[in-house]
1. Under the definition of Cα pairs under 8 Å and six or more residues apart, what whole-number percent is the relative contact order of the stretch 2-124?
2. Using the beta-carbon distance between residue 124 and residue 74 and R0 = 30 Å, what value does 1/(1 + (r/R0)^6) give for FRET efficiency, to the nearest 0.05?
3. Place the peptides 138-144, 70-76 in order of packing, highest mean first, counting for every residue the other Cβ atoms within 10 Å and averaging per peptide.
4. Output the 0 to 90 degree angle, nearest 10, between the alpha-carbon long axis of helix 60-74 and the longest principal axis computed from the alpha carbons of the chain.
5. Ranking 86, 118 by Cβ neighbours within 10 Å, fewest first, what do you get?
6. Given the Cα-Cα distance of residue 132 and residue 17 and 0.36 nm per residue of separation, how much length would full extension add, in nm?
7. Under the Kirkwood approximation for Rh and a Cα-based Rg, what ratio Rg/Rh is obtained for the stretch 97-140?
8. Under 10 Å, Cα contacts only: if you run a Gaussian network model on the chain, which one of 124, 24, 94 comes out with the highest mean-square fluctuation?
């Protein structure tokens, strides 16, 4: 189960080995997961514990880092909930709760265009171009020629994100 720190009543209950949900006031950039008192939380706790699963939570900084990692390594731009999923999986792998030889599937369903505000201070806004092929070709050529347009290889991006 993936939830965000300070908005993780299910994760908190799992870690305390409790079947009870303690309502919380969510403070997170992952607004779609900010449910402080989930109505069906007890069912989630039951499913997690009966299956031998575990729950983890991550900070907002880890959410953003995970969004960037997924974009750089897989070319998938996800919203904050997807960042929580990736970041939580990374923690569970680091804790040996997900083992390297296991097949693991992460469901990333939300498009990053839904939550661009969380990345706004990390990237410079691009100058708009006219809707003409020649404009697009010129833009791409300028980006390729620019020394600032260095592409980070996926392996290097993943190593940097882990550090």
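Values in this text are rule-based calculations from the coordinates and carry no lab data. If you're wondering where the values come from, they're calculated on a predicted model, not measured in any experiment. Please note: Cβ atoms are built from the backbone with ideal geometry, for glycine as well, and neighbour counts cover all protein chains shown.
1. Reported relative contact order: 24 percent.
2. The calculated FRET efficiency here is 0.80.
3. Final packing ranking: 70-76, 138-144.
4. With both axes taken from Cα atoms, the answer is about 60 degrees.
5. On the way: 86 25, 118 18.
In order of increasing Cβ crowding within 10 Å: 118, 86.
6. On the way: separation 115, 0.36 × 115 = 41.40 nm, distance 5.93 nm.
Going from the current span to full extension adds 35.5 nm.
7. Radius of gyration over Kirkwood radius for the stretch 97-140 works out to 1.24.
8. In the Gaussian network model the winner is 124.
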